[in-house]
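A.B. asks: Take this structure first; my questions come after.
Derivation of every value follows stated rules applied to the coordinates shown; laboratory data play no part. A quick note: this is a predicted structure, and the numbers were derived from the prediction, not measured. Here Cβ is always computed from backbone atoms with ideal geometry, including for glycine, and neighbour counts include all displayed protein chains.
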Amino acid sequence: MRVRIAPSPTGDPHVGTAYIGLLNYLFAKQRGGKFVLRIEDTDRTRFVSSSEQMIFDALRWVGLQWDEGPDVGGPHGPYRQSERTEIYREYCQRLLDSGTAYRAFETAEELEVERKAQMAAKQAPKYAGPSRNYTPDQAATALEAGKPYTIRLRVPGGDKGPGIASTTFRDELRGNVTFDHNNVDDQVLMKSDGYPTYHLANVIDDHLMGITDVIRAEEWISSTPKHVLLYRAFGWDVPRFWHMPLLRNADKSKISKRKNPVSLIYYRQAGFLPEAMLNFLGLMGGGMAQPSEQEIVTKGLDTKLSDKFSLADMLQRFDFLRISLGGPVFDLVKLKWLNGEYLRGQTTEEFLEALRTTLLSDSYLREIAPLVQTRIETLAQFGDMADFFFKDDVQPSPEIFVPKKRTLDETLTFSADLLAAVEGCEWTTESIDASMRSLMTDKEWSVKEGFMLLRAILTGKSASPPLLESLVVFGKARSLDRVRRFLDMQKKAAAMASRK
RNA sequence: GGCGAUAUGGUGUAACUGGUUAACACGUCGCCCUCUCAAGGCGAAGAGUUCGGGUUCGAGCCCCGAUAUCGCUACCA
């Protein structure tokens, strides 16, 4: 048995990656299989260079070590898709040769226009460009003219032409799922920049890396028929598919950073223990069901199963067939309870160690110290000055965060803009400064007003160490979370006020 | 809109694969403990299993229909 996770290095490591990672890890280890980590860096536009290392660190932090991967090697490498472009090109050529795929010369702009027209006409947006039916001569002419092109999968059947009209695949948790080919678009396999799309690279790599079980999130169900079509076109065995329920926000939408902290970096910096995180993720979607009477006897398990369990417990009794398919809400309240449980369970030494490696680590203190040193007269004032670096929550009062010439509403609107502006920033003083200033010019806020507002949100006070440096030291994930929580809290306060 | 998936208290899950009054945990509320706050202990409220039909002696578990939610619908993954 071989399984894999395939994160994309597009930003901070995501809790969803750890979730799917845990599931894959459990699956492999329970069956004596291998757990592979593959980096899917084929999207050049979203690529973030620091991301890959953060993914490694975050997965190791929660304790999920892979058997094969870009940094540890293995017999099926390279494990980074950007290093496998030759392979994709070669296999894609086979598809071209067999007519399973074709070159499409339409530009992105043309397709966009067409898509909008289809949407306006209330039709399903689908590729219907002329390239699909080019004669070899026409295609050759376009190719020689140097027109950029993508390579698309020729989905057979239905109103598209001859061939099988639908694809059925088995999902191990749901049974057979069927898609009519009229609803399967001619997927782009190779982009015009020469990089493959997920669909192509994923299928080729999974096959070449001997992946037997594809355990991934539910969002992939709709594209699975395309993958199955590819496996068949290559004459390869189709792996087993296990689609896992999607983690959700409190409103049941797919978990997102707008509504939840999703960065593993955040959880580590905010002082969550990896055991608690792993335990919590194991709770999502079931799997740790009560043992049956037989299991209690034959495996010698406890009758009572609490919500608190370790990775070792999961290895022993996590049952994939018992996963419940409803998308679980990622509930911070329960996570915090679990984290508290683990914290209370620590010895004083362990607790100190946890503090010393996180909140009170030398590296963190070293970054804070210079910001504070020149501003205090006794060491005890360090606490007064730097408290916000160590707090989970600060609660500035309106007198502090609302500028004199502004209303509360204006200020909150601006705060939301500020969050949006700074969200996409590279987390350096220069970059934050630039985007803040451009926003302030835009919205006609003075630099002083804007900085004071953010200072209040970050620190809860009107005086603090330099704002930009503080933000950088505090970290992007936590800073953004603090602003989001501020907005949430103000929204709630407003709702309360209007109710009275 | 089309296609697909899903549906048990506010949240996460159970219910021995049809068999009493739907269980556990988190959260909420109350009481006890206590200098406070937590933790801990005890207790309470909260779902009749999305809705409507059907099969059956009997349905949360099976069948049909409806609804709702989520996902996909990109030269993103």
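A.B. asks: Calculated FRET efficiency, A:Asp193 and A:Met119, Cβ-Cβ r, R0 45 Å, to nearest 0.05?
C.D. replies: With R0 = 45 Å, the Cβ-Cβ based efficiency is 0.95.
A.B. asks: Shifting gears a bit: Counting each DSSP H run of 4 or more residues in chain A as -39500 (n - 2.57), what helix-only mean residue ellipticity at 222 nm follows after dividing by all residues, to the nearest 500 deg cm²/dmol?
C.D. replies: -14500 deg cm²/dmol
A.B. asks: May I ask which of A:Lys160/A:Lys252; A:Lys252/A:Lys405; A:Lys252/A:Lys491; A:Lys34/A:Lys308 have a Cα-Cα span longer than 31 Å here?
C.D. replies: Listed pairs above 31 Å: A:Lys160/A:Lys252; A:Lys252/A:Lys405.
A.B. asks: Largest first and in whole Å, give the semi-axes of the stretch A:85-244's equivalent ellipsoid, each being the square root of 5 times a Cα gyration tensor eigenvalue. List each step's numbers first, then the result.
C.D. replies: Details: eigenvalues 139, 79, 41 Å².
Here the semi-axes work out to 26, 20, 14 Å.
A.B. asks: What ranking do A:Asp186, A:Asp488, A:Asp171 get, fewest neighbouring Cβ atoms within 10 angstrom at the top?
C.D. replies: A:Asp488, A:Asp171, A:Asp186
A.B. asks: For chain A, what ratio Rg/Rh do Cα atoms give with a Kirkwood hydrodynamic radius?
C.D. replies: 1.01
A.B. asks: Right, here's the next one. Which of the GluC sites (Glu not before Pro) found in the stretch A:421-500 are in a DSSP loop and have at most 13 neighbouring Cβ atoms, other than their own, within 10 Å?
C.D. replies: Taking the stretch A:421-500 and a limit of 13 other Cβ atoms within 10 Å, the loop GluC sites (Glu not before Pro) found are A:Glu426, A:Glu444.
A.B. asks: Among DSSP beta bridges whose residues both lie in chain A, state the antiparallel percentage, nearest 5.
C.D. replies: Here the antiparallel bridges make up roughly 55 percent for chain A.
A.B. asks: For a quick protection proxy, order the peptides A:369-380, A:231-242 by their average other-Cβ count within 10 Å, most packed first.
C.D. replies: The packing order, highest mean first, is A:231-242, A:369-380.
A.B. asks: Sorted from fewest to most neighbouring beta carbons within 10 Å, what does the list A:Leu153, A:Leu111 look like?
C.D. replies: By the 10 Å Cβ count, ascending: A:Leu111, A:Leu153.
A.B. asks: For A:Lys160, A:Lys391, what ranking results if the residue with the fewest other Cβ atoms within 10 Å of its Cβ goes first?
C.D. replies: Fewest-to-most Cβ neighbours within 10 Å comes out as A:Lys391, A:Lys160.
A.B. asks: What order, most packed first, do the peptides A:65-76, A:261-272, A:137-148, A:213-224 have when packing is the mean number of other Cβ atoms within 10 Å of each residue?
C.D. replies: A:261-272, A:213-224, A:65-76, A:137-148
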